[in-house]
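For reference, the structure is listed below as structure tokens.
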Amino acid sequence: MTTRTAKQAKQAVAESASALQGVIDSADEFLESLRDQQGEAVDRLRTRIAANVQSARRRLDNLDVPELAGDAFESTAGAVRRHPWRTLAIGAIAALTVSVVALRTSSH
């Protein structure tokens with residue numbers, strides 16, 4: 001059970017990284033389409049997009065997806081094992097809070 005859940009978490013993080021790469025690729029294509037455009041506003045937009053793409057690429061390159069997902073899962077599983085009653089109480093409070101918010105928004 002734990003191994004399967006860890007694998008699912010790793011896969012979800014890997015899919016998120018892949019989606020981020022897709023966003024970066026789309027931004028690159030957008031920058032390419034702006035290449036022939038001129039004007040101060042376009043230049044500012046081009047500069048901001050290029051900086052954001054560069055930052056996203058650095059973060060993606062530094063991201064060790066499987067290790068981060070595994071570490072997060074192991075940390076969470078360990079905390080649940082060490083404090084099962086606290087975990088149950090937190091879950092109950094969270095469920096109650098979501099229910100109250102949902103009821104209030106549906107009544108308006």
Q. In the stretch 75-98, which residues are of a type in the set (S, T, N, Q) and either loosely packed, with under 10 Cβ neighbours inside 10 Å or modelled with pLDDT of 85 or more (or both)?
A. Thr97
Q | Residue satisfying condition, being among the hydrophobic types (A, V, I, L, M, F, W, C), surrounded by fewer than 14 Cβ atoms within 10 Å (Cβ to Cβ) and within 25 Å of Phe73 (Cβ to Cβ), within set Ala56, Ala41, Ala51, Ala19 | A | Ala19
Q: Would you please list the contacts, defined by Cβ atoms under 7 Å and residues six or more apart or on different chains, that run from a residue in the stretch 35-56 that is under 20 Å from Ile24 (Cα atoms) to a residue that is β-branched (Val, Ile, Thr)?
A: Val53/Ile24; Ala56/Ile24
Q. Does any residue in the stretch 1-29 that is more than 12 Å from Ala56 (Cα to Cα) and modelled with pLDDT of 80 or more come within less than 8 Å, Cβ to Cβ, of a residue that is outside any helix (DSSP H, G or I) and of a type in the set (A, V, I, L, M) six or more places away or on a different chain, and which pairs are these?
A. none
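The values are calculated or read from the model by the stated rules, or taken from the named source; none is laboratory data. These figures come from a predicted structure and were not determined experimentally. Cβ: placed from backbone, ideal geometry, glycine included. Neighbour counts: every protein chain shown.
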